[in-house]
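Report on one structure; see the data block that follows.
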Amino acid sequence: MDYMQRHGLKRARPAELVPGTLSVITARLDYLPRATAPGWQAIEWQRLRDPRQAGVSIYARGRDYHKVLRARLQQLADRLAAEVGPLGARVFTDSAPVLEVELAARSGTGWRGKHTLALQRDAGSMFFLGEIFVDLALPPTEPAAAHCGSCSACIEVCPTRAIVAPYRLDARRCISYLTIEHDGAIPEELRAPLGNRIYGQLVCPWNKYAKTSTLPDFDARAPLEGATLLQLWAWDEAEFLRRTEGSPIRRIGHERWLRNLAVALGNALRAMPDAQIEAALRARLPEASALLGEHIEWALRQGQGAGSEACSVSHSGRLSAPSSVDTVTSPATKEASPPMRAAST
Ligand code: SF4
């Protein structure tokens, strides 16, 4: 995450990042797949309780959101230019040193939750953020009011204790960072708490108000929903590249994918002996890189005395669903929030 330091104040000053910027238009795009069942949160919690299932974040099961959102923001910028005349505009989505959550909060797109992500009463935090930097002075919209109230569900439920205080995240402990951005060994003390999460994670009671996308792009691709760890572990590099074409998962590469799976398989072995899992882990050892080999060895060690540590896994995984948001703050009104707002720079 050295890009945070590398870009310095440009991150906080849009006009230094894109000279001439006078306003930032912020937008959100809901990503729950179109076929999401009403009880989807319970289904996801159940998946995380089954040590042999693979836990892949919902947002990563469909098409790479960077491509989808960037294309739509560019379309919007082109339409604006058609309305107002020549326009300096540059679009961003999770792709540059932009303080997305801060801009979203200042423009009313969502407030910053205690987990540090943006959320909104009619959407939870199940949306992507995007921005258009423009050289137009637009009237700023109102900032979003915060509605976390006394809730601290995300802090309590986070398996790796990454949210060290409200609004403060230790990225070195964050499951998303560890499974996606981090390219070295996963610290041993954090492997058990990862459970079966092999790509990202997220929880918040407001997510019960999350909206399904109208786009087919975020529909889950078959192998990434409901797959077992062993099914995914069986992919060689060619199959990994083929199955994840156009998916955000592809960028982590096959080795990191296997590293994450090895940790999850070790956690499954600790919960219950499984000869198939042991054999599959051993089969990859001869060809494994030093990094992967170390994770496989660790995973195999988890099987020694399997079952005896299952309690500690469920303790660190804390797999009880968070409390209802209605019990922690005023009932959410289902008013729609406009999907596009502006913050002045
Ligand atoms: S889980 Fe609770 S504290 Fe955390 S972001 Fe959601 S509402 Fe806020």
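Worth pointing out:
- All positions within segment 213-230 that are in a helix (DSSP H, G or I) and in contact (Cβ under 8 Å) with a residue 60 or more places away in the chain: P216, D217, F218, L224, L229, L230
- Leading residue by the ranking (least open to solvent (accessible area, probe 1.4 Å)) among those in segment 208-244 that are within 17 Å of R47 (Cα to Cα) and under 16 Å from the mean Cα position of the chain (by Cα): L224
- The residue that is most open to solvent (accessible area, probe 1.4 Å), among those in segment 251-271 that are of a type in the set (D, E, K, R) and at pLDDT 95 or above, is E255.
- Near pairs, Cβ below 8 angstrom, 6+ apart or cross-chain, from segment 272-292 (touching a residue at least 24 places away in the same chain (Cβ under 8 Å) and open to solvent by less than 90 Å² (accessible area, probe 1.4 Å)) to any residue that is among the charged types (D, E, K, R) and assigned to a helix (DSSP H, G or I): S289/E255; L291/E255; L291/R259; L292/E255; L292/R259; L292/R284
- Hey, E189 within 16 Å of the ligand (Cβ to nearest atom) and not in a loop (DSSP other than H, G, I, E, B) or not: no
- Counted residues, segment 162-212 - those being more than 21 Å from R256 (Cα to Cα) and touching a residue at least 12 places away in the same chain (Cβ under 8 Å): 15
Residues are listed down the side, and each one gets a yes or a no for (1) surrounded by fewer than 18 Cβ atoms within 10 Å (Cβ to Cβ); (2) closer than 23 Å to I252 by Cα; (3) touching a Pro at 6+ places or on another chain (Cβ under 9 Å); (4) at pLDDT 90 or above:
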{"residue": "R6", "(1), (2), (3), (4)": "yes, yes, yes, no"}
{"residue": "R11", "(1), (2), (3), (4)": "no, no, yes, no"}
{"residue": "A42", "(1), (2), (3), (4)": "yes, no, no, yes"}
{"residue": "V68", "(1), (2), (3), (4)": "no, yes, no, yes"}
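- In segment 137-174, the qualifying residues are those that are more than 19 Å from A105 (Cβ to Cβ), within 19 Å of the chain's Cα centre (by Cα) and open to solvent by 70 Å² or more (accessible area, probe 1.4 Å), and the one that is farthest from the ligand (Cβ to nearest atom) is R172.
- Helices (runs of 4 or more DSSP H) (entirely within segment 22-124) containing at least 3 residues that are within 23 Å of C158 (Cβ to Cβ) and within 16 Å of the ligand (Cβ to nearest atom): 40-49, 100-107
- Single residue of segment 196-212 satisfying the filter (modelled with pLDDT of 90 or more and in a loop (DSSP other than H, G, I, E, B)) that is nearest to the ligand (Cβ to nearest atom): A210
- Verdict on R79 being open to solvent by 60 Å² or more (accessible area, probe 1.4 Å), in contact with a strand residue (DSSP E or B) (Cβ under 9 Å, 6 or more places away or on another chain) and at pLDDT 90 or above: no
- Selection count, segment 60-81, where residues are within 18 Å of T26 (Cβ to Cβ) and touching a helix residue (DSSP H, G or I) at 6+ places or on another chain (Cβ under 8 Å): 3
- Residue in segment 161-177 that is under 16 Å from V203 (Cβ atoms), touching a Leu at 6+ places or on another chain (Cβ under 7 Å) and in a loop (DSSP other than H, G, I, E, B) present: yes
The values are calculated or read from the model by the stated rules, or taken from the named source; none is laboratory data. Keep in mind the model is a prediction, meaning the values are calculated, not measured. Backbone-built Cβ (ideal geometry, glycine too); neighbour counts: all protein chains shown. The protein model used for the area step is the full one, side chains on, heavy atoms only, and it has no ligands, DNA or RNA in it. Shrake-Rupley method; radii C 1.70, N 1.55, O 1.52, S 1.80 Å.
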